[in-house]
Amino acid sequence: MAEALVVDHPLVELRDVTRSFPGPPEVQALKSVNLQVHAGDYVSIVGPSGSGKSTMLNILGLVDRPSVGEYRLAGTLTGNLDEAGRSALRASRIGFVFQAFHLLPRRSVLENVVLPMLYNATPRAEREDRARAALDRVGMSHRLGAGPATLSGGERQRVAVARAVASRPDLLLADEPTGNLDERTTADVMDLLEDLHSDGIAVVVITHDRDVADRADRALRITDGRLSVLR
Ligand code: ADP
Ligand code: MG
């Protein structure tokens, strides 16, 4: 039997990625960024407002594209994909958590976690089971029928985390996940992300909170679109 040629790529690889927004004046939100994230890594990225953090996360999340440079995700050169290919790759590999939770206000907790699975490869028969398991994991199974408006900020973020991981992505991208939370709830949500990380999911957390950044195994800094190693 012929042996397969296995090339071992990192989960995430940015090569000389620049993202320019045409002006005037033109803004280079990312400047020649190089980054590798391996399966199971836990990385934080800190930087002041306007430094390019969200731009970076949008590119990693296949929501935006580099103007220059390459992004390879799980071995796939994403620049070669059309929108359908990008959506499919995003849905199968990536979970997002946002500062403002972004839950659907007219849907129940359970529906909020089930609905995104309509757009990925999760088999129909497994969607609800996986959603229930994810909500159990984040300690929200007692509120399955509740509307998001009846939940506290910390509870909403727990539901958002369940939504992000229910389809078992390899990469969890969090953009200021604790930005709307108080200190105690921040610690709870970070404990939860770390709990998921210990199951093998790679976590990239963008934050301007140094305490949150310090919890990661590797800390990076972004300043004026340039990425550097903090620790
Ligand atoms: P951060 O998340 O660190 O606050 P962003 O990535 O949102 O920073 O923005 C980085 C820079 O790029 C800022 O100067 C911002 O004004 C600019 N920028 C971001 N998105 C756009 C856009 N769609 N069009 C023009 N400029 C943008
Ligand atoms: Mg931002």
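Table for the structure above
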read-out	value
Taking only Cα atoms of the chain, radius of gyration then Dmax in Å	17.8, 59
Sequence of 108, 67 from largest to smallest accessible area, 1.4 Å probe	67, 108
Residue (of 88, 20, 35) at the positive-pole extreme of the stretch 1-101, dipole from beta-carbon charges	20
The stretch 1-76 - percent of accessible surface contributed by carbon and sulfur, probe 1.4 Å	52 percent
Assigned charges on the beta-carbon of Lys, Arg, Asp, Glu; the chain dipole about Cα centre (debye)	480 debye
Label point distance in nm, residue 107-residue 133, each placed 7 Å from Cα along Cα→Cβ	2.0 nm
Between the stretch 156-231 and the stretch 88-104, the Cα center-to-center distance that results, in Å	13 Å
By accessible area with a 1.4 Å probe, ligands and nucleic acids excluded, highest first: order of 128, 194, 176	128, 194, 176
Protection-proxy order for peptides 40-49, 13-22, each taking the mean of Cβ atoms within 10 Å per residue, highest first	40-49, 13-22
Residue order for 26, 111 - accessible surface, 1.4 angstrom probe, largest first	26, 111
222 nm mean residue ellipticity, helices alone, for the chain (DSSP H n ≥ 4; -39,500 (n - 2.57); rounded to 500)	-9000 deg cm²/dmol
Mean accessible surface per residue for the stretch 155-231, computed with a 1.4 Å probe while every protein chain stays in place, in Å²	44 Å²
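The values are calculated or read from the model by the stated rules, or taken from the named source; none is laboratory data. Please read all numbers here as calculations on a predicted model, not as lab measurements. Every residue, glycine among them, receives a Cβ derived from its backbone with ideal geometry; neighbour counts consider all protein chains shown. When the accessible area is computed, the model is the full protein with side chains, heavy atoms only, and any ligands, DNA or RNA have been set aside. Shrake-Rupley method; radii C 1.70, N 1.55, O 1.52, S 1.80 Å.
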